[in-house]
Amino acid sequence: MHGSMKNVLGKLGILLCFGLLSACAESGAPSAEGSASDRAPAAAKSVDGLSFTISGPAFAEPATFEVPADSRELRTYLSDSMFSLTVSPNERLRSTDGKHVLTGAILGTQPAGVGESTEASGVTEATFNFDTDAATERQQGPSMAFSSKGEKQPMRIVMETFEDGKRAAGHFSGKLQRLNIDHTQEIYDVDGKFDVEN
C-alpha cells in the first residue's frame with residue numbers, strides 16, 4: 001500500500017512538472033514555429049491607380065478624382081505597341097469633394113514604353129467625361145478631349161516605369177477641349193498620375 005502511494009505521488013509530481021513547463025513555454029518567448037507564423041507578411045507592391053485634377057469653365061473650382069487600382073472600373077492594356085488606361089462609367093467615382101462624377105476616361109499612347117509622348121509623338125487618346133454639379137439644377141454632362149475635329153491641344157504623357165504586359169507608372173498634363181457643339185472654345189487643364197497593373 002505504501003509503495004503504491006509512492007507511485008501515485010510520483011506520477012502526480014511528473015504531471016505537475018509537465019504542466020508547469022507547458023505554462024512557462026506559453027507565457028514566455030514564442031517558439032521558433034510561433035514566431036514564424038506571427039511575422040507580418042512582406043509588404044505587397046503598392047499600386048495607386050489613377051488620380052488627376054481638372055479645371056475649366058464647367059468647374060467652379062479645380063476638381064480632383066481618385067480611382068483606386070483595385071477598382072473594377074479601372075482597366076489597362078499594356079504591350080510594347082500600346083498603353084491604354086480606361087475608366088468605365090460608374091456613378092460611385094465622385095470627385096474628392098463629392099460634387100462631380102467621373103463617367104469615363106481614356107488615356108493612351110502608341111507605342112508604349114518608358115519615355116515621353118506628346119500630341120505630336122504618340123498620344124493617341126486623352127478623353128474625360130463627367131457629370132458636373134451632380135444631382136443639382138446645374139448638372140451638365142461635358143466631355144473633353146485633347147483632340148477635337150482634327151485640332152489637337154497640348155498633351156504630355158510621361159511613362160516613368162513600363163513593364164510590358166505587367167505595370168505602368170507615370171504622369172500626364174495637358175489641355176482638353178470641350179466636345180459639346182455649343183462649347184467648342186472651352187479649354188480645360190488636366191494633370192495627374194497613374195500607377196497601374198495589367
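The values are calculated or read from the model by the stated rules, or taken from the named source; none is laboratory data. Every value quoted in this text rests on a predicted model; they were computed, and no experiment measured them. Here the Cβ positions follow ideal geometry from the backbone for every residue, glycine too, while neighbour counts run over all protein chains shown. For accessibility, only protein heavy atoms count, side chains too; no ligands or nucleic acids. Shrake-Rupley method; radii C 1.70, N 1.55, O 1.52, S 1.80 Å.
Counting only protein heavy atoms, what percent of the accessible surface of segment 60-198 is carbon or sulfur at a 1.4 Å probe? Here carbon and sulfur together make up 46 percent of the probe-accessible area. In terms of its alpha-carbon gyration tensor, segment 116-181 comes out oblate; a/c meets the 1.5 threshold, while b/c is at least as large as a/b. Judged by the ratio a/c of the largest to the smallest principal axis of the C-alpha gyration tensor, segment 64-157 counts as oblate, that ratio being 1.5 or greater while a/b is no larger than b/c. When the C-alpha to C-alpha distance is required to be over 24 Å, the pairs from Lys149/Lys193; Lys152/Lys193; Lys99/Lys152 that qualify are Lys149/Lys193; Lys99/Lys152.
Taking packing as the residue-averaged number of other Cβ atoms within 10 angstrom, the listed peptides 130-143, 163-176 run from highest to lowest as 163-176, 130-143. Given axes a ≥ b ≥ c from the Cα gyration tensor, I'd like to know whether segment 39-198 is rounded (a/c under 1.5), prolate (a/b larger than b/c) or oblate. Taking the square roots of the gyration eigenvalues as a ≥ b ≥ c, segment 39-198 is oblate.
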